[in-house]
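A.B. asks: Questions regarding the structure given below will be posed in turn.
Rule-based calculations on the coordinates, nothing more; no lab input. Computed from a prediction, not measured in an experiment: that's the story for all the values here. Methodologically, a virtual Cβ is constructed for each residue, glycine included, from the backbone with ideal geometry; neighbour enumeration extends over all protein chains shown.
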Amino acid sequence: VRLEHLIARDGPVCVWCGRQLWRCDLTAEHLLPRSQRGRGQPENLAVACRACNRQRRTTGVAAFARAASAAGRQPRIDLLRGALVRLAASPLPSHARYAERQLELLARLEAR
Ligand SMILES: [Zn+2]
């Protein structure tokens with residue numbers, strides 16, 4: 001999947017810090033990390049800046065959103081929730097299970 005397609009779908013915005021950036025500063029972020037059997041299908045990808053992508057490594061989506069928020073950044077919970085809802089509909093069970101769990105954790109985060 002080309003980054004351009006993700007930017008057209010989600011906007012030129014990092015999901016973790018909320019900054020709008022030029023294309024050269026943006027990357028395709030795997031929601032379920034590749035090391036945890038996350039694949040490159042569009043439903044498993046979101047737009048993130050290089051700095052956040054590098055910093056996140058394999059931290060869970062909800063946990064990293066919480067960490068980013070605690071660090072004074074403004075994670076786009078709306079985009080993350082939308083991305084996880086899309087991922088939950090994935091035909092790949094590993095994708096869908098991960099998304100369902102992260103949606104639960106994200107809802108708890110928002111309730112605080
Ligand atoms: Zn960022």
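A.B. asks: Restricting attention to region 1-81, which chymotrypsin sites (Phe, Trp or Tyr not before Pro) occupy a DSSP loop and are surrounded by at most 16 other Cβ atoms within 10 Å?
C.D. replies: Details: sites: 16, 22, 64; in loops: 16, 22.
The qualifying sites are 22.
A.B. asks: Under a GNM of the chain (C-alpha, springs under 10 Å), which listed residue has the highest mean-square fluctuation: 72, 82, 38?
C.D. replies: Evaluated over the chain, the most mobile residue of the options is 72.
A.B. asks: Right, another one. Counting only C-alpha contacts under 8 Å and six or more residues apart, can you give the relative contact order of the chain as a whole percent?
C.D. replies: Relative CO of the chain lands at 26 percent.
A.B. asks: Say R0 is 35 Å: what FRET efficiency, to the nearest 0.05, do residue 89 and residue 24 get from their beta-carbon distance?
C.D. replies: Once the sixth-power term is evaluated, E becomes 0.65.
A.B. asks: With 10 angstrom as the radius, rank 58, 27 by how many other C-beta atoms surround their C-beta, starting from the fewest.
C.D. replies: On the way: 58 12, 27 20.
Arranged by neighbour count, lowest to highest, 58, 27 become 58, 27.
A.B. asks: Still on this structure: Cα centroids of region 1-25 and region 54-112: how far apart, whole angstrom?
C.D. replies: About 17 Å separates the Cα centre of region 1-25 from the one of region 54-112.
A.B. asks: Continuing with this model, one more query. Once you have the Cα-Cα distance between residue 107 and residue 36, take 0.36 nm times their residue separation minus that, and quote the gain in nm to one decimal.
C.D. replies: Contour length minus the Cα-Cα distance gives 23.3 nm.
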